[in-house]
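The values are calculated or read from the model by the stated rules, or taken from the named source; none is laboratory data. Everything quoted here is computed from the prediction, not taken from an experiment. Reconstructed Cβ throughout: ideal geometry from the backbone, glycine too, with neighbour counts over all protein chains shown. Ligands, DNA and RNA are stripped out before the accessible areas are found, and what is left, the full protein with its side chains, is counted by its heavy atoms. Shrake-Rupley method; radii C 1.70, N 1.55, O 1.52, S 1.80 Å.
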Amino acid sequence: MKSPIRFLLADDHSLIRQGLVFLLEDLDVEVEILQASTLGQTLSCIQENPIDIAIVDAQFPDGSSLSILPKIITQNPETLILIFSGVDENQALRFVSAGAHGFLSKLSEEEEIIHALQKMISQGEYLSEKTQSLLLDS
């Protein structure tokens, strides 16, 4: 039997985390879901648990997730990181350059969010068409 995929949902808005829980539970894979609402909780959770995929907001009340990306990568290099944010997609390059495996706007339609989750599971990365074109232009 295949072990469940362990997700960390890190966002300071519980409604966002709950929406992601519903989408993840509808996927055709077994999942285990942990949640964090601050940068500090996010780091603690990653230190204490093997996380397969971390879905992390770009901004928290206690700082930018850019500040913890290097720590996550050092402590748990096999953890895939998808930045799920309301910040402009033009900021995606900063996160991808810092080691994130994907970037998704919170303004995305449900179908694109599901597609991004599936790509993170199957291919280990996700970049929207807009983010891909920004990377090509840089």
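Looking at this structure, is PHE22 aromatic (Phe, Trp, Tyr) and open to solvent by less than 30 Å² (accessible area, probe 1.4 Å)? So PHE22 fails the test.
Of the residues making up the range 4-19, those that are loosely packed, with under 14 Cβ neighbours inside 10 Å and closer than 24 Å to GLY63 by Cβ are HIS13, SER14, LEU15, GLN18.
For the subset of the range 109-138 comprising residues that are under 14 Å from the mean Cα position of the chain (by Cα) and assigned to a loop (DSSP other than H, G, I, E, B), which member is modelled with the lowest pLDDT? If we take residues in the range 109-138 being under 14 Å from the mean Cα position of the chain (by Cα) and assigned to a loop (DSSP other than H, G, I, E, B), then SER128 is modelled with the lowest pLDDT.
Figure legend. Inter-residue proximity from the range 38-56: first residues among the acidic types (Asp, Glu), second residues surrounded by 15 or more Cβ atoms within 10 Å (Cβ to Cβ), beta-carbon distance below 8 Å, spacing 6+ or different chains. Indicated pairs: ASP52/ILE5; ASP52/ARG6; ASP52/PHE7; ASP52/THR79; ASP52/LEU80. Within the range 79-98, the set of residues being modelled with pLDDT of 95 or more and either farther than 25 Å from LEU136 by Cβ or open to solvent by 10 Å² or more (accessible area, probe 1.4 Å) (or both) comprises THR79, LEU80. Of the residues that make up the range 61-82, is at least one in contact (Cβ under 8 Å) with a residue 24 or more places away in the chain, closer than 22 Å to LEU15 by Cβ and aliphatic (A, V, I, L, M)? Yes, because at least one residue in the range 61-82 is in contact (Cβ under 8 Å) with a residue 24 or more places away in the chain, closer than 22 Å to LEU15 by Cβ and aliphatic (A, V, I, L, M).
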